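The values are calculated or read from the model by the stated rules, or taken from the named source; none is laboratory data. Just so it is clear, the model here is predicted, and its values are computed rather than measured. Glycine also receives a Cβ, built like all others from the backbone with ideal geometry; neighbour counts cover every protein chain displayed.
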Amino acid sequence: MNQLIPLENVNAIELFSDQKSIQAMLDEIKSQATDFKPDVSTPDGRKEIAAQAYKVSRSKTVIDNAGKELTAEWAKKKKVVDAGRRLARDFCDVLRDDIRQPLTDYEAEEARKAEAAAEKAKMEAAELEAYAENELFDRESKVRAFEAAQEAQRLEDERIESERIAEENRKAEDERIRSEAEEKAKMEAAEELEQERENTARLEQEAEDAKEQAEANRLQAEENERARIAQAETDKQAAIEQEQQRAKDEADRIERNRLRLIEDEKREVQARAADVENRRKVN
């Protein structure tokens, strides 16, 4: 049954004869409408709240329609009937809103959580971008220091070799071979630097893409919220839960990528440092 009072039980003449009769029926509607424990923690509980609120609206319609039919035949008491109708409408609207308030509050809180999740993903994307920029600066500084040290070493070796070249031709040939090895190392280092710059550009692009995706997610969450209001009560909750899961998955993906990239960069730097040290010892 969609209303709290059967249509056949509504005697319009008796109901609208005085305020006491209609108030008694309104009190009965309230008693039936509130005879349950609101629970927004489960889908069935939220459905029950919505159903009770809907029954109040249907009961309002039954009373209001009975009053409308009566006024057509009972013109002399139209003012009394209209007053009763207004009382019933206002009373039922307030009662409906009071009954539905736990569900309304729950839906508002879920919408707030979805927006907060989208904002968090956006902030994490911005932090990842800043981190990538700092990493690039640190790597370039280390490469410049390494090249300066290598150049100083090369000049010192050439000075020593020029002093000995007159009496140690064999060492001159060894020095030539060593110089060629150093040049090769520098070329390899330059190539590695270029590769690092390309990797950094890629990281920055990924960070920018993640930032744009986070913004798109936030806008989508807002659109989902507007669409949710126009849908049935059960569809609203499903849309909120889906958006929350999507935002969490995106944040998890970004975090996994960030940790993976940091670990990859660390391994690359360690490998290059070990390679340079080995070459220095050999030469």
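In the set (1) among the hydrophobic types (A, V, I, L, M, F, W, C); (2) surrounded by 11 or more Cβ atoms within 10 Å (Cβ to Cβ); (3) at pLDDT below 75, the condition left unmet by residue 1 is number (2).
Could you tell me which of the residues 71, 42 is touching a helix residue (DSSP H, G or I) at 6+ places or on another chain (Cβ under 6 Å), surrounded by fewer than 20 Cβ atoms within 10 Å (Cβ to Cβ), assigned by TED's automatic domain parsing to the domain that holds residue 11 and of a type in the set (S, T, N, Q)? Outline the logic, then answer.
Values: 42 fails: touching a helix residue (DSSP H, G or I) at 6+ places or on another chain (Cβ under 6 Å).
Exactly one residue qualifies, and that residue is 71.
Look at residue 97 and say whether it is in a loop (DSSP other than H, G, I, E, B), in the same structural domain as residue 19 (by TED's automatic domain parsing) and farther than 26 Å from residue 18 by Cβ. So residue 97 does not fit the description; no. For residue 94, work out the one condition from (1) of a type in the set (Val, Ile, Thr); (2) modelled with pLDDT of 75 or more; (3) touching a helix residue (DSSP H, G or I) at 6+ places or on another chain (Cβ under 7 Å) it doesn't fulfil. In the conditions (1) of a type in the set (Val, Ile, Thr); (2) modelled with pLDDT of 75 or more; (3) touching a helix residue (DSSP H, G or I) at 6+ places or on another chain (Cβ under 7 Å), residue 94 misses (3) alone.
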